[in-house]
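Every number in this text was worked out from the coordinates using simple rules, so none of it is lab data. The model shown is predicted, which means the values in this text are computed figures rather than measured ones. Ideal geometry is used to build each Cβ from the backbone, glycine not excepted, and the neighbour counts take in all protein chains shown.
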Amino acid sequence: METARLDSSELPWPPWSVAMRKDLAVLPGTVDQDIRRVLMWLDDYVSAPHPDLGRSGDVCPFVRVARMRRHATLALRYDVEGGSGDEVAEAVREEMGEFSQQVPAQTTTRIVVFPAIPDQCWEVVDEVYSELKDEAVGQGLMIGQFHPRCREPAVRNPAFPVSRSPLPLFALRWMAVHDILFLGDRKHWFDRYRARFGTQHQNGRVSDPLLRERYAEALRRYDYR
């Protein structure tokens, strides 16, 4: 792991790691450029409000704090070129396994970047997302998929493709109370969420009306009350 400082920001670079093929070296300048592209996206887009988001606040409410506290790490996987979904999924599983060994904290984030996946293969990120989400949720994690053509919509504005990024990547973090917005559609996802946050809902400690509504809908959907 190495750190340096951004020219355009007072925030330090996060710890980062690089994996590459033995037969295909990646120049340091390429790594530097790719890290800067991801950090610019994190700081200028993910950590900022957007008029099409459908709510106030940053696109992601955790990344700004994660960057300030140095709780965000980058893993650049140049060893994966996206020729198969299995290849991408296995790399993400490796990163997920390492990430899950960290002490859980709401602001801990790992960004797994695949700079070597060519544009004609970007959609492989979407193809493997569902199975990876099952595995992540089972470990108490959340995972998001991002790439330049990603069609994943914002929760509060289905017309806004919120998950666009300059490079194909996945974001890992620990499950949070607002994740009922993403975990109510399947019973095993909701069961994991309910085991973690059900008491907060029952005790009236969840203030957001939309979160309370989605939680109540899931309870009814799965005949919990």
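Miscellaneous remarks
- Computed 3J(HN,Hα) for the stretch 142-159, one whole-Hz value per residue from the Karplus formula 6.51 cos²θ - 1.76 cosθ + 1.60 where θ = phi - 60°, is 10, 9, x, 9, 8, 6, x, 10, 4, 9, 4, x, 5, 4, 9, 8, x, 7, glycine and proline marked x.
- Legend: calculated FRET efficiency, SER56 to GLN120, from the Cβ-Cβ distance at R0 = 35 Å, rounded to 0.05, equals 0.40.
- Reducing the stretch 112-133 and the stretch 26-54 to their Cα centroids gives an inter-centroid distance of 17 Å.
- Rounded to the nearest whole Hz, the Karplus-based 3J(HN,Hα) values (6.51 cos²θ - 1.76 cosθ + 1.60, θ = phi - 60°) of the stretch 94-100 follow the sequence 4, 5, 5, x, 5, 5, 5, with x at glycine and proline.
- Over the chain - Rg/Rh using Cα atoms and the Kirkwood inverse-distance radius: 0.97
- Relative contact order %, the stretch 16-175, counting alpha carbon pairs below 8 Å whose residues are six or more apart: 25
- Most to least packed among 168-177, 14-23, 31-40, 112-121 [average Cβ atoms within 10 Å]: 168-177, 112-121, 31-40, 14-23
- Packing order of peptides 61-74, 198-211, 86-99, highest average first: 61-74, 86-99, 198-211 (average count of other Cβ atoms within 10 Å over each peptide's residues).
- Placing pseudo-labels 7 Å out from each Cα toward the beta carbon at ARG149 and ASP32 gives an inter-label distance of 3.2 nm.
- Judged by the mean number of other Cβ atoms found within 10 Å, the most tightly packed of the peptides 136-144, 217-225 leads the ranking 136-144, 217-225.
- Efficiency of FRET from Cβ geometry, TYR222 and GLN200, R₀ 22 Å, rounded to 0.05: 0.75
- Of the residues GLN145, TYR78, GLN33, the one whose Cα sits farthest towards the positive end of the charge dipole of the stretch 18-154 is GLN33 (charges of +1 on Lys and Arg Cβ, -1 on Asp and Glu Cβ, taken about the Cα centre).
- The magnitude of the dipole of the chain, with charges of +1 and -1 set on the Cβ of Lys/Arg and Asp/Glu and taken from the Cα centre, is near 1120 debye.
- Beta bridges assigned by DSSP with both partners in the chain are antiparallel in approximately 60 percent of cases.
- Phi angles of the stretch 200-214 translate, via the Karplus equation with coefficients 6.51, -1.76, 1.60 and θ = phi - 60°, into HN-Hα couplings of 4, 5, 4, 8, x, 9, 9, 8, 5, x, 5, 5, 5, 5, 5 Hz per residue; Gly and Pro are given as x.
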